[in-house]
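Colleague: Here it is, the structure in full.
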Amino acid sequence: MLDKFRGTQLYKSIFRGGGVPKSRRQRMMVVLNSVFLHLHPVRLPKHAVKLKFTWCMGGLSFFIFLILTISGILLMFYYRPTIEYAYNDIIDLAEQVPFGIMREVHRWGAHAMVITVWLHMFRVFMTGSYKPPREFNWAIGVVLLLLTLLLSFTGYLLPWDQLAIWAITVGSNMARATPFLGHEGPGAGLLAIGDINFITMGSDVRFALIGGRFMGEAALLRFYVLHCIGLPFIIMIFMAVHFWRIRKDGGISTPV
Amino acid sequence: MAETISKESATKDPGRRPPAALGKADSSDQITRRSFFSWLSIGWLAFVAATGGFFTMMLRFFFPNVLFEPVQTFRAGYPDDYTVGEVDLRWKNKYGVWIVRNDAGIYVLSTTCTHLGCTPNWLSSEQKFKCPCHGSGFFKTGINFEGPAPRPLERFKIVLADDGQIIVDKTRKFQQEKGQWNDPEAFLKV
């Protein structure tokens, strides 16, 4: 019965090669021919998957990322990013919506992902896995760390409680001191014609981030869009390259 | 019937046109190597310009022309509305300023803590501004005396309008550590 199904055009059009892979070559082709599996190495050295060596922190980070994506999409069905509704919707999510734990899953998952990403970086550093030929993948990893932290930062504002508002006020105030682009940073005065300064409180990089001079409606909406669409989109591109480069750079590094 | 016509035209057609391979076509409608490259560069330049224009638009898009925020310059009533020796809280939420009157006159303090930008509270019993975030404390003058705040609160421009009302201009700020509090516009003598 199953063999008959394997012979149909439907099956063969989806799974190239056909049939149960028997030889080593056929097993390899299964991985190479799948858009999802091909990011992953075809073969792993036995000692490279030792938990003692890898800590599995990279894999865990990705797993948590998937959990965050799914729980985040679920939260979007109830959460409205406006000053009027944001806080109440969070309370509603926790107290009225079935499985109110979803919001906690997202929140604690976010904390966990930051931790696992840091530990992954620590492991990669301590095992020397950043060395050639993996130096480019290390650089991509640093970008991924930054994106993880930015996702965490933008998500922090969304509950719109006192903690969130003041934490983001403090955090975004640091952007004032950005060289050249922040209105209180070094070199901000260079971009001026006579008395007219182009980098002001109403036109610097902090303004672009929070959409106003003060924390308000615009900041909430901008952070929401960045958190749900902008940053996840960018991080997924970098993650794809990151995983693919592991394979291209010779697989997971092995213990010396 | 239709079949015979199509057969006829199929046999006649190749005879009418000269074969292209012989190179006898008019040179004016032929693309030369040189004109190909000039069209190619024009095409690329147009592409780069359009892309650059789009990214400029994208950047400008993030800076709206109208902000739905409180105005930066506002009328704060008459000097007699403010009691000597009191810190006035009526504009704190809307405009983010305290108006303080002492024996000599009136000054406007910013409600933004100079540490990390939170909003301190005025504690009248202790006669000090106390920031809830990290505990910075400021005297009624705005001078910092405790906690992590590195410098005094900022003051804003205060002048009298023709009708005798106070005008506060938040776009102009005065910092004590730069000696700007002595500026005539930083303090309204009453």
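All of the numbers you see were taken from the coordinates with simple rules; none came from a lab. Please read these numbers as outputs of a predicted model, since none were measured by experiment. All Cβ positions, even for glycine, are placed from backbone atoms using ideal geometry, and neighbour counts span all protein chains on display.
Colleague: Could you tell me which of rounded, prolate or oblate describes the stretch A:145-251, using a ≥ b ≥ c as the square roots of the eigenvalues of the alpha-carbon gyration tensor, with rounded for a/c under 1.5 and, failing that, prolate when a/b is larger than b/c and oblate otherwise?
Modeller: Cα axes put the stretch A:145-251 in the oblate bin.
Colleague: Using helices alone, what [θ] at 222 nm do you get for chain A, with -39,500 (n - 2.57) per DSSP H run of 4 or more residues, divided over all residues and rounded to the nearest 500?
Modeller: Taken over chain A, the calculation gives -18000 deg cm²/dmol.
Colleague: Let's test the formula: R0 of 25 Å, r as the Cβ-Cβ distance of A:PHE198 and B:GLU185. What FRET efficiency results, to the nearest 0.05?
Modeller: About 0.55, to the nearest 0.05.
Colleague: Can you give the direction-averaged projected area of the convex hull of the alpha-carbon atoms in the stretch A:32-130, in nm²?
Modeller: 9.1 nm²
Colleague: Moving on. For chain A, just run the numbers: alpha carbon Rg, then divide by 2.2 N^0.38 Å, N being how many residues it has.
Modeller: 1.30
Colleague: Could I ask something else about it? Could you quote the convex hull projected area for the protein assembly as shown, Cα atoms only and averaged over all directions, in nm²?
Modeller: 44.3 nm²
Colleague: What is the sum of charges around B:GLY164, taking Lys and Arg as +1, Asp and Glu as -1, for the other residues whose C-beta is under 15 Å from the C-beta of B:GLY164?
Modeller: -2
Colleague: OK, next. Can you quote the Å³ per residue value for the convex hull of the Cα atoms in chain B, rounded to an integer?
Modeller: Each residue corresponds to 354 Å³ of Cα convex hull volume.
Colleague: Could you work out how far apart the two model spin labels at A:GLU95 and B:SER125 are, taking each label as a point 7 Å from the Cα in the direction of the beta carbon, and quote it in nm?
Modeller: 3.1 nm
Colleague: Further question: Let me check I've understood the local charge: for B:SER41, count other residues with C-beta under 14 angstrom from its C-beta, Lys and Arg +1, Asp and Glu -1. What total comes out?
Modeller: Result for the neighbourhood of B:SER41: +2.
Colleague: Going through the stretch A:11-49, which trypsin sites (Lys or Arg not before Pro) have at most 16 other Cβ atoms within 10 Å and a DSSP loop state?
Modeller: Those that pass, being in a loop and sparsely packed, are A:ARG16, A:LYS22, A:ARG43.
Colleague: Dipole magnitude of chain A about its Cα centre, charges +1 at Lys/Arg Cβ and -1 at Asp/Glu Cβ only, in debye to the nearest 20?
Modeller: 2220 debye
Colleague: May I pose another question? Can you compute the modelled spin-label distance between B:LYS94 and A:LEU37, with each label point 7 Å from Cα toward Cβ, in nm?
Modeller: 6.8 nm
Colleague: Would you work out which of A:GLN26, A:PHE207, A:SER172 lies farthest towards the positive end of the dipole of the protein assembly as shown, given +1 charges on the beta-carbon of Lys and Arg and -1 on that of Asp and Glu, about the Cα centre?
Modeller: A:GLN26
Colleague: Which residue, chosen from B:TRP44, A:ALA110, B:ILE143, occupies the Cα position most advanced towards the positive end of the dipole of the protein assembly as shown, where the dipole is computed from +1 (Lys, Arg) and -1 (Asp, Glu) charges on Cβ about the Cα centre?
Modeller: B:TRP44
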